[in-house]
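In what follows, a single structure is set out as structure tokens and then discussed.
The values are calculated or read from the model by the stated rules, or taken from the named source; none is laboratory data. A quick note: this is a predicted structure, and the numbers were derived from the prediction, not measured. Quick reminder, even Gly has a Cβ in these numbers, built from the backbone with ideal geometry, and neighbours come from all protein chains shown. Each accessible area value is taken on the protein alone, full model and side chains, heavy atoms only, with ligands, DNA and RNA left out. Shrake-Rupley method; radii C 1.70, N 1.55, O 1.52, S 1.80 Å.
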Amino acid sequence: MTASLAGTGVLLRFSLRRDRLTIPVWVAVNALMVLSMPASLKGLYGTDAERADLIHQVETNASFRALIGPVFDTDLGALTAWRIGVYAGLVAAAMSLLIVVRHTRDEEESGRQELVASGMVGRRASLTAALLAAGVANAVLALLVTAGLAGQGVVGALALGLGLAAVGMVFATMAAIVAQLTESARLARGLTSGILGAAFVLRAAGDSASDDGSSVLTWLSPLGWLENLRPYAGERWWVLLLFAAAVAGQAWLAYELAGRRDVGMSFFPTRPGPATGRLSTAGALAWRLQRGSVYGWSLAFFVVGVVYGGLTDGVADLVGDNENAREIFERMGGQSGLEDAFLASMVGMMGLIASLYVVQSVLRLHGEETSGRAEPVLANAVSRLGWATGHLAVAFGGAVLLMLLTGLGFVAGYGKEARPILGACLVQLPAVWVVGGLAVALYGLLPRAAMAAWGAAGAVLLIGWVGPALDAPQAVLDVSPFGHLPKLPGGEMSWGPVLVLLMLAVVLVGGGLAGLRRRDMTT
Amino acid sequence: MTKAISVSGLHKAFGKTQALDGLDLTVEAGEVHGFLGPNGAGKSTTIRVLLGLLRADAGAAQVLGRDPWADAVEVHRRIAYVPGDVTLWRNLSGGEVIDLMGRLRGGLDAKRRADLIDRFELDPTKKGRTYSKGNRQKVALVAAFASDVDLLILDEPTSGLDPLMEEVFQRCVEEERDRGRTVLLSSHILSEVEELCDRVSIIRNGRTVETGSLADLRHLTRTSVSAELAGAPDGLADLPGVHDLDLQGHRVRLQVDTDKLDAVLRQLSESGVRSLTSTPPTLEELFLRHYQEAAS
């Protein structure tokens, strides 16, 4: 046993060093999300009457429970656990699965694992180090949450902290199993994320059927266990045993599978592809490389549209007499009727998320260039502009597709007035394109800083999400292109800012492409 | 003869590193030209300039009679390039990549494609991520050799191939030459260069230090001679161009500047030659001489 673990310590330190930026960012964002809750909930539901009203709404509105989960008590701690628990659990799970796949299957696929395994490293060391790295990240998260929420009550804070870490470890060990099954790290990440999505859906279905988390469906989902741990509402500590059993069982299975296969191999080997190809242009290649991602985003945008569209009808009941919540929706969405305001804020949120898609898609150019795959393509009769245009068409055109699909989802879920909703979705595009244009400009003009486009997208997201709730000054809101868009549906359409953003996007893309034409390609 | 590649006085700096420092290179149409130099000498940088991926700071470059930066697309229609480190798309099969590359150039000869896949023993249905280094190189080589182009630029194309595949590669280059195509072959494998190349250029620190046919280059270096004589020779040490003379009784070993060989042989035959071996300098010796000068 000890021989099979030789080198684990060294590998763990090495993993943590490689992730010295990503793990702290994941943990800090997640902890901040949780710790900012009490203050913002206090503002929203300050009085006992408002809280009683909220509980009543949650109990009677199934779609709202599906989205956030049931609420068990009225103090700020319990409200925090209710409002953010499932989502912080999702983030912890995503962080954990990414860490584990990155340090197991990614390493094997790249061939780096062979180099490591030839050293004084036991057969189980890599997997153990990856799980421990996830364990360290989750432990720090638990610590921060417990310490940060202690003001609301230490016991509840500990329960929430441990619950979040436990969800993280369930998906860390789940990823460890999946990483044994597939040859591709990308597929392992996709499959485990799919399982995470299924866990969310099971919990949502269970919670919409029952208002106290007792549905079988809820109990089938680790995210459901988290709410059934009931932080701040009479903690049920035995639920932690359920987590422990799942983590131990899954870890055991992962080790069993790992012990039965060769390094680099998998239980589901990659299927062979066609012996001849039909791709004949750089544009077709760009579509081929990005289409999987476009399909995934499209499905998610449509489903989210349907879900939020379905919620829209009940939103007037939900916000009811709560002046503060109404005000926030109106600040995000517009002045007219509450349903329009809700739709407008949700459409705006999808626009913000679409800018993440655009940045990811534009930066594919950067990935192709730095990995050396662009070089042989550009050594053919393909101009740089032609090569880049293919990817940019997928990026900027894909954004149109996503906004249309989410609009159709809203229409299908809401069941009324298609035109204003679709129009509102399309009005987001100039702002989405400005963010994409910034990514193109960075890539073309300052290729070393291309990754800063993620920072810009993150800042826009933060301003759009948190700005209205914090009542941020207009000067800050104006930094984001989304702040200049008319609030639709419900508000007045104003073409001026839309056209200005459109022109700005064109200038940014044009500048980036001009830079790309003139500069050296890096390898 | 027209020139496939003509480069003169090429300069390129990356920050403070002077990668190319007045490099000259001339490749005649229809020849196989060896491009040699130690690691970091500037071979790949030169090739990237020739492909229009980098823009030279100074100097003139013409590929197939055009400017590789301004007319990149036109030039590339007639070029096939094999990088030293081939990376493929993980979820495209080798066959798909070969066909795509061919179509993005001047076109692909289907019969030759099938023949090459057969000879290189390549499985074109495997996905990019499952190929080994050598097989990734084979994908790029098949794509290059099956393409209908005038100039092949190969940057250390055989570093991952086994000796049998190396043999196949050499036959393929010879076929290309027989079909009148031009090949620029950057390589570290000297036997390969010796076997294939009509002329070579040796570069060092971004500058060309030697260029010409192998015969020309040999002329500038020393031949090893060892002989068994009937009697003890004399006067050998005084002859010009003789080095490392080793006399043991009737046996002689020495190195001689190749252009002074005649006088040495005359002197030896005066003592009566029983047996004689004379070895022309290997490319390796040529190469090492230049590299060692670089080091000192």
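From the C-alpha coordinates alone, can you work out the Kirkwood hydrodynamic radius of the protein assembly as shown, in Å?
Roughly 31.1 Å, rounded to one decimal.
Short version: which residues of region A:156-188 lose at least 20 Å² of accessible area, all chains versus chain alone, 1.4 Å probe?
By number: A:E183, A:S184, A:R186.
Quantify how strongly other chains surround peptide A:365-378 by giving the mean number of their Cβ atoms within 10 Å of each of its Cβ atoms.
4
List the residues of region B:122-139 whose accessible area drops by at least 10 Å² when all protein chains are present, compared with their chain alone, using a 1.4 Å probe and counting only protein heavy atoms.
Correct list: B:P124, B:T125, B:K127, B:R129, B:T130.
Taking the convex hull of the alpha carbon atoms in chain B, what volume per residue do you get, in Å³?
160
With a 1.4 Å probe on protein heavy atoms only, work out how much accessible surface B and A bury together, total over both chains, in Å² to the nearest 100.
Separately minus together, B and A give about 3400 Å² buried.
What average number of partner chain Cβ atoms lie no more than 10 Å from the Cβ of the residues making up A:265-278?
Mean partner-chain Cβ count within 10 Å for A:265-278: 6.
What residues qualify as long-range amide H neighbours of B:D57, i.e. H under 5 Å apart, gap of 5 or more or another chain, H built at 1.01 Å from N?
B:H11, B:K12, B:A13
Going by a 1.4 Å probe on protein heavy atoms, which residues of region B:43-69 end up with at least 20 Å² less accessible surface in the whole assembly than in their chain alone?
B:R48, B:L53, B:L54, B:R55, B:W69
I'd like the Karplus ³J(HN,Hα) series for region B:64-76: coefficients 6.51, -1.76, 1.60, θ = phi - 60°, whole numbers in Hz, and an x wherever there's a Gly or Pro.
6, x, 10, 7, x, 7, 6, 10, 3, 5, 4, 4, 5
Report the label-to-label distance for B:T282 and A:W465 in nanometres (one decimal), using points 7 Å from each Cα along the Cα→Cβ vector.
So the label points at B:T282 and A:W465 sit 6.5 nm apart.
Computing the accessible area with a 1.4 Å probe over protein heavy atoms, can you report the carbon and sulfur percentage for chain B?
46
Which whole number gives the average, over all residues in B:81-91, of C-beta atoms from other chains lying within 10 Å of the residue C-beta?
Mean partner-chain Cβ count within 10 Å for B:81-91: 5.
At 10 °C and a viscosity of 1.306 mPa s, what translational diffusion coefficient does Stokes-Einstein give for region B:3-98, taking Rh as the Kirkwood radius over Cα pairs? Give it in µm²/s as a whole number.
Reported coefficient: 109 µm²/s.
Suppose all protein chains stay in the model; what accessible area per residue would a 1.4 Å probe give for the protein assembly as shown, in Å²?
Accessible area per residue, the protein assembly as shown: 42 Å².
Probe radius 1.4 Å, ligands and nucleic acids ignored: give me the carbon and sulfur share of the accessible area of chain A as a rounded percent.
Percent of accessible area from carbon and sulfur atoms in chain A: 68.
Please list the non-local residues whose amide H lies under 5 Å from the amide H of A:T276, H modeled 1.01 Å from N, same-chain partners needing a gap of 5 or more.
none
Within a Cβ distance under 14 Å of B:W89, other residues only, what is the Lys/Arg minus Asp/Glu net charge?
+4
Counting only residues 5 or more places away or on other chains, whose amide H sits under 5 Å from the amide H of B:A80 once H atoms are built in the peptide plane?
Counting only residues 5 or more places away or on other chains, the set is B:L151, B:L152, B:I153.
Check each of the trypsin sites (Lys or Arg not before Pro) in region A:1-57 and keep only those in coil by DSSP with at most 11 other C-beta atoms within 10 angstrom; list them in order.
A:R20
Excluding ligands and nucleic acids, what accessible area in Å² is computed for B:S224 using a 1.4 Å probe, to the nearest 10?
Accessible surface of B:S224 is approximately 30 Å².
So what J values fall out for region A:100-106 if you push phi through Karplus, 6.51 cos²θ - 1.76 cosθ + 1.60 with θ = phi - 60°, rounded to Hz, Gly and Pro as x?
3J(HN,Hα) across region A:100-106, in whole Hz: 5, 5, 4, 9, 10, 5, 4.
For A:D106, what charge total do you get from the other residues with a beta carbon under 13 Å from its beta carbon, if Lys and Arg give +1 and Asp and Glu give -1?
Once all neighbours under 13 Å are counted, the net charge is +3.
Loop only per DSSP, at most 16 neighbouring Cβ atoms within 10 Å: give me the trypsin sites (Lys or Arg not before Pro) in region A:367-437, ordered by residue number.
A:K416
If you plug each phi of region A:59-73 into the Karplus form 6.51 cos²θ - 1.76 cosθ + 1.60 with θ = phi - 60°, what whole-Hz ³J(HN,Hα) values come out, in order, with x for Gly and Pro?
Running phi through 6.51 cos²θ - 1.76 cosθ + 1.60 with θ = phi - 60° gives 5, 9, 10, 5, 5, 5, 5, 4, 6, 10, x, x, 10, 10, 7 Hz.
Just add up the charged neighbours of B:V27: K/R +1, D/E -1, any other residue whose Cβ is under 12 Å from the Cβ of B:V27.
Within the 12 Å Cβ shell, the charges total -2.
Using a 1.4 angstrom probe on the protein heavy atoms only, line up A:F482, A:F14, A:F302 by accessible area, largest first.
On the way: A:F482 25, A:F14 105, A:F302 75 Å².
Descending accessible area places them as A:F14, A:F302, A:F482.
For the residue pair B:E174 and A:R271, what label-to-label distance in nm results when each label sits 7 Å from Cα along the Cα-to-beta-carbon direction?
That separation, rounded to one decimal, is 4.3 nm.
Using +1 at the C-beta of Lys and Arg and -1 at the C-beta of Asp and Glu, which of A:L422, A:M521, A:G409 has the Cα lying farthest in the positive direction of the dipole of chain A?
The Cα lying farthest towards the positive end belongs to A:M521.
Just how much of A:I177 is accessible, in Å², when a 1.4 Å probe is used and the result is rounded to the nearest 10?
That residue has around 20 Å² of solvent-accessible surface.
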